[in-house]
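Asker: The structure is given below, and queries will be raised subsequently.
The values are calculated or read from the model by the stated rules, or taken from the named source; none is laboratory data. Owing to the predicted nature of the structure, the values given are computational and were not obtained by experimental measurement. FYI the Cβ positions are ideal-geometry reconstructions off the backbone, even for glycines, and counts take in every protein chain you see.
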């Protein structure tokens, strides 16, 4: 106890919908790639249930405000030649920056960006860091929101109910549907016992769809299509 610092950091709680912005800084200028919609559980842990990239439901006016706020945040931190992942919340259409890191996003978000834009976000990060970016490269690595008619990629994290704790895992099954499954992955092996934790994640499913509305509905209904099979 005596080695713990005596100071406490208290932060204001910001309510509202949560998003992340994937982007990069090159030669001191911030280039946003696109906005990711985040699905968050209620408090106190606010575990992330899934993501959709890109989020095209935000109006141009609000999107411009978000980007301008992040431009100021990136300049304040003095970031140069790096990929960035920013997390924000919108409260009464005002963006609040919750976190900004000079890194790729977690939770397979770069995989969603790669699926939609047909790019390699790791390569973008490397070329930023090594000063090997051409102007046409910078212009091509972003979502054109003015006339977007591309696909949407989403990830849904499969959680295990606490009553399954201690049972042996067999497999994850997805009922037949008309959506495009890019990947279905489990984090535990067949026959391994399930031990639930705070977020109870045991796997994920990555989908590709053609409209934001369809994807949004799927994310809310995905639990209806997934069955976790256990062994006796």
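Asker: Any residue in segment 2-16 that is closer than 24 Å to residue 124 by Cβ and either part of a loop (DSSP other than H, G, I, E, B) or free of Cβ contacts under 8 Å to residues at least 60 places away in the same chain (or both)?
Answerer: no
Asker: From the list 132, 127, pick out the single residue that is in the same structural domain as residue 103 (by TED's automatic domain parsing) and either modelled with pLDDT under 85 or under 19 Å from the mean Cα position of the chain (by Cα) (or both).
Answerer: Going through 132, 127 in turn, just one is in the same structural domain as residue 103 (by TED's automatic domain parsing) and either modelled with pLDDT under 85 or under 19 Å from the mean Cα position of the chain (by Cα) (or both): 132.
Asker: In this structure, does residue 61 turn out to be over 24 Å from residue 124 (Cβ atoms), free of Cβ contacts under 8 Å to residues at least 40 places away in the same chain and over 17 Å from the mean Cα position of the chain (by Cα)? Quick ask: steps written out before the conclusion?
Answerer: Details: over 24 Å from residue 124 (Cβ atoms): yes; free of Cβ contacts under 8 Å to residues at least 40 places away in the same chain: yes; over 17 Å from the mean Cα position of the chain (by Cα): yes.
So residue 61 fits the description; yes.
Asker: Okay, next question. Would you mind stating whether residue 171 is without any contact (Cβ under 8 Å) to a residue 24 or more places away in the chain, outside the structural domain of residue 55 (by TED's automatic domain parsing) and either surrounded by 13 or more Cβ atoms within 10 Å (Cβ to Cβ) or not in a loop (DSSP other than H, G, I, E, B) (or both)?
Answerer: Values: without any contact (Cβ under 8 Å) to a residue 24 or more places away in the chain: no; outside the structural domain of residue 55 (by TED's automatic domain parsing): yes; either surrounded by 13 or more Cβ atoms within 10 Å (Cβ to Cβ) or not in a loop (DSSP other than H, G, I, E, B) (or both): yes.
Judged against the criteria, residue 171 is not a match.
Asker: Okay, moving on. Go through segment 17-40 and count every residue that is under 17 Å from the mean Cα position of the chain (by Cα), surrounded by fewer than 20 Cβ atoms within 10 Å (Cβ to Cβ) and without any contact (Cβ under 8 Å) to a residue 60 or more places away in the chain.
Answerer: 1
Asker: Could you tell me how many of the residues in segment 151-165 are in a loop (DSSP other than H, G, I, E, B) and either surrounded by 14 or more Cβ atoms within 10 Å (Cβ to Cβ) or at pLDDT 90 or above (or both)?
Answerer: 2
Asker: Which one is farthest from residue 156 (Cα to Cα), of the residues in segment 87-121 that are part of a helix (DSSP H, G or I) and touching a helix residue (DSSP H, G or I) at 6+ places or on another chain (Cβ under 7 Å)?
Answerer: Restricting to residues being part of a helix (DSSP H, G or I) and touching a helix residue (DSSP H, G or I) at 6+ places or on another chain (Cβ under 7 Å), the top hit is 121.
Asker: Turning to a different aspect of this structure: When you go through 90, 79, 100 one by one, which is the residue that is under 17 Å from the mean Cα position of the chain (by Cα) and touching a residue at least 40 places away in the same chain (Cβ under 8 Å)?
Answerer: From the options 90, 79, 100, the qualifying one is 90.
Asker: Identify all residues within segment 107-124 that are at negative phi, in contact with a strand residue (DSSP E or B) (Cβ under 9 Å, 6 or more places away or on another chain) and either surrounded by fewer than 19 Cβ atoms within 10 Å (Cβ to Cβ) or modelled with pLDDT of 90 or more (or both); write none if there are none. Reasoning before the result, please.
Answerer: Step one: list which residues in segment 107-124 are at negative phi, which gives 109-117, 119-124.
Narrowing further to those that are in contact with a strand residue (DSSP E or B) (Cβ under 9 Å, 6 or more places away or on another chain): 109-117, 119, 121-122, 124.
Answer for segment 107-124, where residues must be at negative phi, in contact with a strand residue (DSSP E or B) (Cβ under 9 Å, 6 or more places away or on another chain) and either surrounded by fewer than 19 Cβ atoms within 10 Å (Cβ to Cβ) or modelled with pLDDT of 90 or more (or both): 109, 110, 111, 112, 113, 114, 115, 116, 117, 119, 121, 122.
Asker: Counting only residues that are surrounded by 13 or more Cβ atoms within 10 Å (Cβ to Cβ) and within 18 Å of the chain's Cα centre (by Cα), give me the strands (runs of 3 or more DSSP E) lying completely in segment 179-232 with at least 1 of them. Before you say what the answer is, go through the steps one by one.
Answerer: Working: elements: 180-186, 201-209, 226-231.
Ranges flagged: 180-186, 201-209.
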